[in-house]
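A.B. asks: This is the structure, below, for whatever I ask next.
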Amino acid sequence: MKMDAYRLLYPMRTYLIVSGHGKESNVMAADWVTILSHEPFMVGVAVSPERYTHRLISKYKEFVVSVPSLDMLRDVWIAGTKSGPSKLKEMNITLIPSMKIETPSIKEALANIECRVVDARDYGDHTWFVGEVIGWSYKGEAFKNGKPNLKSKFLAHAAWTDFVTFEEKYTKLKIQKMTSASLSSEYIVFLILTLFCPTSSAIKSIDSSIKPGTKGFNSLHTSLFTNHTFRIFS
Ligand SMILES: Cc1cc2nc3c(=O)[nH]c(=O)nc-3n(C[C@H](O)[C@H](O)[C@H](O)COP(=O)(O)O)c2cc1C
């Protein structure tokens, strides 16, 4: 079965991107989000020019990265398959004022990261929006003791309708056993397991039972390169 090569980087976390002001506010799902800098804190998101969100981020030069939980999967799916602010009527989210920008945050989200756009560049068929983070809010329960509380069911995306959440399997790693000079064989086994079997052991799969929606995001691959070389390991 043919597979898009970008899927090789999956599973990825799924986020909600809020854009626009007031009645024009909109929400879309986005996997292609990353941290770019710690100090100042900056994030990047790849948004196709086809998205309504693209228009709003370009207009207002701000966006919010909201962190959904598994409990918000239905809303994530609507945000990721329908276009324009009218979809919000179908969603069960509450837009609330952000701390530092006019683009609203999502009350039900585990965290909201408020960004002011400092750069926007087109790479292939997506625009890479760079946001400087100037405000944020989060649920205390979801980030206990300065780290994510996996019981809050952070959401990740495996493939199209398959979503996953994380299980706290390897809490007390055998890190104490590691010395700077050598890695214990147990730790190497652990690393191999974590790297190559994430879906089977560290991450719990969810049967989302969601049917594909009206609008897809599978058609994004117009390539800069004419010759793709790939190999499938057995
Ligand atoms: C889980 C998921 C992740 C997605 N990630 C992205 C992404 O990173 N970038 C993008 O441009 N579209 C992405 N999409 C597609 C958009 O969310 C989708 O086209 C949405 O309908 C756009 O809404 P809008 O037109 O209201 O902005 C994703 C869709 C889903 C379901």
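A.B. asks: Could you order peptides 87-94, 162-169, 143-150 by the average number of other Cβ atoms within 10 Å of their residues, highest first?
C.D. replies: With the highest mean Cβ count within 10 Å placed first, the list reads 162-169, 87-94, 143-150.
A.B. asks: Now for a different question. Return 62, 39 ranked ascending by Cβ neighbour count within 10 Å, so the fewest neighbours appear first.
C.D. replies: 39, 62
A.B. asks: Which residues in the range 58-93 place their backbone N less than 14 Å from a point set 7 Å from the Cα of residue 50 along the Cα-to-Cβ direction?
C.D. replies: Correct set: 80-84.
A.B. asks: Could you pull out which residues in the range 30-51 have an amide N less than 20 Å from a spot 7 Å beyond the Cα of residue 7, following the Cα-Cβ vector?
C.D. replies: Label zone hits: 30-33.
A.B. asks: Would you order 57, 96, 78 from fewest to most other beta-carbon atoms within 10 Å of each residue's own beta-carbon?
C.D. replies: Fewest-to-most ranking of 57, 96, 78: 96, 78, 57.
A.B. asks: Work out the FRET efficiency for residue 107 and residue 150 from their Cβ-Cβ distance, taking R0 = 22 Å, and round it to the nearest 0.05.
C.D. replies: 0.55
Read the figures in this text as sums done on the coordinates, not as results from a lab. Since the structure is predicted, the reported quantities are computational estimates derived from the model, not experimental observations. Cβ sites come from the backbone with ideal geometry, for glycine too, and all protein chains shown count toward neighbours.
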